[in-house]
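Some notes on the structure that comes next.
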Amino acid sequence: MGRMTATPARRVLLAAPRGYCAGVDRAVIAVEKALEQYGAPIYVRHEIVHNKYVVQTLEKKGAIFVDVTAEVPEGSIVMFSAHGVAPTVHAEAAERKLATIDATCPLVTKVHKEAVRYAKEDYDILLIGHEGHEEVIGTSGEAPDHIQLVDGPEDVANVEVRDESKVVWLSQTTLSVDETMETVDALKSKFPNLLSPPSDDICYATQNRQIAVKKLAEDAELVIVVGSKNSSNSIRMVEVALDAGAPAAHLVDFASEIDEAWLEGVTTVGLTSGASVPDVLVDGVLEWLAERGYADVETVKTADESITFSLPKELRRDLRAEAAALSSAE
C-alpha cells in the first residue's frame, strides 16, 4: 500500500537582484564595443570580469586575455579589467606604445582616488581585502608606501602604524559586509581614532546581493550561487548564505556542476548569482531544476537597481589610429 502523506511541493526562490552589476555590464559591453569598433584582436589585461563563461565567450569574439602587459604586442590596443590596475601598469602600457581602454569599475576608481587622497595627507591606510586579489593589487599600487593589507579580523593583531591619530580604513569592493565590519570593529578597538572613508567602499551590488541571499537562507534548505571560483563576491555569497542559516550552499559555474545528491530531502532551493554572471547561466540552472521537479519559481525581491555607468571615454576615439601613431613615433 502506498504512502498516504503528500509529497511537499518543490519550489525555487529566485533572488532579485542577482547577476550583472553596473560595473560588470559596462566592462563586458566595452570589450564587445571595442571589438566591433576596432576589430580583433583586443587585448585585455587579466580577465575582464571573474566569470569563466563570459571570458570564453569574449575569447571566441576575438578578445585575448593576458596576465602581464609585456604579452601585448607594441602598437596594439589593451583594455584594463573592471578590477582596476596600479599606476605602474599604465606606465608599462605607455612604454610599450599601447592604446589603452580603462574599463575599471567607477566604484573601484572611487577607492583608488581615496587612497591617493589619504596618502597625500600622510595617513596610514589600512586596506581590508584579500591578498592577491586583482582589485587589492591595483588599489595598493596607488599608494604603496602608505597602504597595508588587513586580510580579515584575525590579521588586525599584526597591524602597526606610524601615528595612531592618522589612520584610515578602505576596503575591497566585493567583500562580505558583515566580515568587513567585524574587521573594522577590531581595528577601531586597536586604533580608537581610526577614520572611515567618506562613503562605504563595498559596492551597492555586492551589498544588495548579500542581503538577497540572506533572505533566501531563511526558507531554503539549499542555496545555489552561480558564479566562478575566482569571483570574490560569489564566494562571499556562499559564506553569507551559510552564516545566515542555510543548511547547505554551493557555488557552481554551470548547471552541469550541480550534484543531484544536494537535492535529497530538499523542497526549497534558493538560487542567486554573482555580480559577474549573465542571466543565461541562471536560466540553465532553472531548467535543470525544473527537470527534477522544481518548476515552481518565486522571485524574492529585496532591492531595486537602476544604476548604470557610461562606457569608457576611449571608445569614442579612433584607437587604431592612435596605436599606429604611438608605434611609429620616434
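Going by amide H atoms built from the backbone, whose H comes under 5 Å of the H on residue 128, apart from near neighbours? Excluding prolines and chain starts, which carry no amide H, the hits are 150, 170, 171, 172.
Give me the dipole magnitude in Debye, nearest 20, for the chain about the Cα centre, with unit charges on the beta carbon: positive for Lys and Arg, negative for Asp and Glu.
Values: 31 positive and 54 negative charges, 180 e Å.
Result for the chain is approximately 860 debye, rounded to the nearest 20.
Comparing 42, 24, 64 along the charge dipole axis of the range 12-98, the residue lying farthest to the positive side is 24, per the Cβ-charge model. Here, the range 163-269 has an Rg and a Dmax of 16.9, 56 Å when only alpha carbons are counted.
List the GluC sites (Glu not before Pro) within the range 1-85 that fall in a DSSP loop (any state other than H, G, I, E or B) and whose Cβ has at most 12 other Cβ atoms within 10 Å. It would help to have the intermediate numbers written out before the result.
Numbers: sites: 32, 36, 47, 59, 71, 74; in loops: 47, 74.
Hits after loop and neighbour filter: 74.
Computed per residue of the chain from DSSP H runs no shorter than four, each worth -39500 (n - 2.57), the mean residue ellipticity at 222 nm is -11500 deg cm²/dmol. Taking amide H as placed 1.01 Å from N in the peptide plane, the amide H of residue 273 sits under 5 Å from that of 19, 226, each at least 5 places away or on another chain.
Its alpha carbons give the chain an Rg and a Dmax of 22.1, 90 Å.
Computed over the Cα atoms of the range 1-96, what is the ratio Rg over Rh, Rh following Kirkwood? Each step should come with its number before you reach the end.
Values: Rg = 20.9 Å, Rh = 15.8 Å.
Answer for the range 1-96: 1.32.
The relative contact order of the chain comes to 26 percent, based on Cα pairs under 8 Å that sit 6 or more residues apart.
Working with all protein chains in place, sort 90, 146 by solvent-accessible area computed with a 1.4 Å probe, largest first.
Values: 90 80, 146 45 Å².
Ranked from most to least accessible, the order is 90, 146.
Cross-link reach is defined here as a Cα-Cα straight distance under 18 Å, omitting same-chain residues fewer than 8 places apart; for residue 313 the aspartates and glutamates meeting it are 25, 32, 36, 102, 322. Under 28 Å of direct C-alpha separation, and excluding same-chain neighbours fewer than eight residues apart, residue 229 reaches these lysines: 33, 52, 60, 61, 110, 214, 215, 301. Given in Å, the Rg to one decimal and the Dmax to the nearest whole number for the Cα atoms of the range 44-135 are 14.6, 46.
Among 151, 178, the sequence by solvent-accessible area, most first, with a 1.4 Å probe is 178, 151.
Here the spin labels are modelled as points 7 Å beyond Cα on the Cα-Cβ line, and at residue 64 and residue 36 they lie 2.4 nm apart. To the nearest 10, the accessible area of residue 286 is 40 Å² with a 1.4 Å probe. For residue 190, a cut-off of 16 angstrom between C-alpha atoms picks up these lysines, skipping any fewer than 8 places away in its own chain: 166.
Return the inverse of the average 1/r over all pairs of distinct C-alpha atoms in the range 105-157, which is the Kirkwood hydrodynamic radius, in Å to one decimal.
On the way: mean 1/r = 0.0891 Å⁻¹.
Over the range 105-157, the inverse of the mean reciprocal pair distance is 11.2 Å.
Counting only heavy atoms of the protein chains, get the accessible area per residue of the range 238-328 (1.4 Å probe) and round it to a whole Å² value. Don't jump to the answer; show the numbers that get you there.
Details: 4670 Å² over 91 residues.
I get 51 Å² per residue for the range 238-328.
The values are calculated or read from the model by the stated rules, or taken from the named source; none is laboratory data. Predicted model, so just to flag it, every value in this text is computed and none were measured. Ideal geometry is used to build each Cβ from the backbone, glycine not excepted, and the neighbour counts take in all protein chains shown. What goes into the accessible areas is simple: the full protein's heavy atoms, side chains included, and nothing from ligands, DNA or RNA. Shrake-Rupley method; radii C 1.70, N 1.55, O 1.52, S 1.80 Å.
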